[in-house]
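Let me begin by presenting the structure, written as structure tokens, before commenting on it.
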Amino acid sequence: MSRYWSSLVAKLDPYVPGEQPRVQNLIKLNTNEHPYGPSPKVIEAIARANGEDLRLYPDPTSLALSQTIAKYFGLGVDHVFVGNGSDEVLAHVFNALLKHDAPVLFPDISYSFYPVYCGLYQIEYRAVPLDQNFRIVLNDYLPSAGAKAGGIIFPNPNAPTGICHDLDAIEQVVKANPDIVVVIDEAYIDFGGVSAASLIAKYPNLLVVHTLSKSRSLAGLRVGFALGHPDLIQGLDRVKNSFNSYPLDRLAQAGAIAAFEDDAHFEKTRQAVIHTRESMTQGLRKLGFEVLPSKANFIFARAPGVAGEVFAAELRARNILVRHFKKERIYDFMRISVGTDEQTETLLQACQEILAQ
Ligand code: PMP
């Protein structure tokens, strides 16, 4: 606390990112990074861009990248907004599209950055409880459910549960709420879900947010984007150009374009993650864990008879990092990112050891 702070800063409750350890040799399964590297074509493109003139500002509109993304999704370039990680895109979304008189709705157990943006931009929100199976109850987001909403946002698959809804269910929510923006945060969609991007031409109130941090293995490059009707994109552009007109540097733009140009690498590595997720789920269930059905690159699991926080600390003592949330309903759970097969084997052995002691 300082007397130099604004009254807003004093009231903020900032997001706490997962630990990025400075020690070597840890098995890092705490921040949902991809276990395999990005396409070698990304590295080549960044090296080439690095050789170009960094003296000059980058393209403020990231036009070439937006065109690449538009083509990939079969949309016009005016349907694409890019930002410095999807966290930045989401921040602009809250500010530009979800700040209204009525509260924005999102699940009570979800991406913990959402209430943080509400704090920063002073947006009222209502946290809608998941059901007892930790599923989002989509009926609660229909206008017939009662209270007026100023906007809706949830991840699909949800985080940290990994549970995914099918496209029909998502469409019902979008269709039933034509007067407000419905944002589907698809950070993890490439690991087994179906994207709502195909609905964009039909619904001017739908915004779909993606990141290159997960399925494209580029968390370190910081690139995310939103897809939606040009009116929504223009709203985001207005906020972006009132905040930072050059959010993506030259290296990030070049690397992100190359990532979309290597489908073979994308397919191979995401299939590998999906495959390991299934063997990890089976392995943990055999040990007596409750594992929620995941379509993401992580699983949400509860150890038999050991509290999540204690179990996570036991894993940490064995050089394995997982994420635990100090939140009432999910206190017993751990979120474990999918690693390589070898890392998964080590994880399962450690879990067995902890349960046996
Ligand atoms: N949405 C969800 C649901 C996430 O879990 C994350 C990762 N923390 C993000 C968005 C942000 O990802 P990034 O800023 O790396 O694009």
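The values are calculated or read from the model by the stated rules, or taken from the named source; none is laboratory data. Since we're looking at a predicted model, the values are computed, not measured. Neighbour counts run over all protein chains shown; Cβ positions are idealised from the backbone, glycine included. Areas reflect the complete protein model, heavy atoms only, side chains present, ligands, DNA and RNA absent. Shrake-Rupley method; radii C 1.70, N 1.55, O 1.52, S 1.80 Å.
Close amide H partners of residue 130, meaning residues 5 or more places away or on another chain with modelled amide H under 5 Å apart, are 108, 109.
Rounded to the nearest 20, the size of the Cβ-charge dipole of the stretch 160-259 about its Cα centre is 380 debye, with Lys and Arg at +1 and Asp and Glu at -1. The amide H of residue 333, built 1.01 Å from its N in the peptide plane, has 308 as neighbours under 5 Å, considering only residues 5 or more places off or on other chains. Dividing the mean sequence gap of close Cα pairs (under 8 Å, 6+ apart) by how many residues the stretch 265-349 holds gives a relative contact order of 30 percent.
The stretch 102-180 and the stretch 37-69 have Cα centres spaced 35 Å apart.
Legend: distances between Cα atoms for 99/326; 202/240; 99/240; 214/295; 175/202; 28/214; pairs beyond 19 Å are 99/326; 202/240. Under 18 Å from a point placed 7 Å out from the Cα of residue 12 along the Cα-to-Cβ direction: which residues of the stretch 95-112 have their backbone N that close? Taking a point 7 Å out along Cα→Cβ of residue 12, the residues of the stretch 95-112 whose backbone N falls under 18 Å are 95-96, 112. For the chain, DSSP calls about 50 percent of its internal beta bridges antiparallel. If the chain linking residue 169 and residue 44 were pulled fully straight, counting 0.36 nm for each residue of separation and taking away their Cα-Cα distance, it would gain 40.9 nm.
The stretch between residue 319 and residue 126, if pulled fully straight at 0.36 nm per residue, gains 65.7 nm over its current Cα-Cα span. Bridges between two residues of the stretch 129-258, per DSSP, are antiparallel at a rate of about 40%. Taking every C-alpha pair closer than 8 Å and separated by at least 6 residues, the mean separation divided by the residue count of the chain gives a relative contact order of 24 percent.
Sites listed here are GluC sites (Glu not before Pro) in the stretch 241-307 whose DSSP assignment is loop and whose Cβ has at most 15 other Cβ atoms within 10 Å: 261.
Spin-label model, residue 3/residue 23: points 7 Å from Cα along the beta carbon direction are separated by 4.3 nm.
Modelled this way, with points 7 Å down the Cα-to-C-beta line, the labels at residue 64 and residue 78 are 2.4 nm from one another. Among the GluC sites (Glu not before Pro) found in the stretch 121-222, those both in a DSSP coil and sparsely packed, with 13 or fewer other Cβ atoms within 10 Å of their Cβ, are 124. Take the chain with all the other protein chains still there, run a 1.4 Å probe, and you get 47 Å² of accessible area per residue. The fraction of accessible area contributed by carbon and sulfur in the stretch 40-261 is 51 percent, rounded to a whole number (1.4 Å probe; ligands and nucleic acids excluded).
Taking Cα centre as origin and charging only the Cβ of basic (Lys, Arg, +1) and acidic (Asp, Glu, -1) residues, the dipole magnitude of the chain rounds to 560 debye. Counting only heavy atoms of the protein chains and using a 1.4 Å probe, residue 300 has close to 0 Å² of accessible surface. Summarising the label geometry, the points placed 7 Å from Cα in the beta-carbon direction at residue 309 and residue 133 lie 3.0 nm from one another. Rolling a 1.4 Å probe over the protein heavy atoms leaves residue 72 with an accessible area of roughly 90 Å².
Accessible surface ranking for 105, 348, 1.4 angstrom probe, highest first: 348, 105. Under Stokes-Einstein, with the Kirkwood radius over Cα pairs as Rh, the value for the chain at 20 °C and 1.002 mPa s is 101 µm²/s. The Cβ shell under 11 Å around residue 265 holds other residues with a net charge of 0, Lys and Arg each +1, Asp and Glu each -1.
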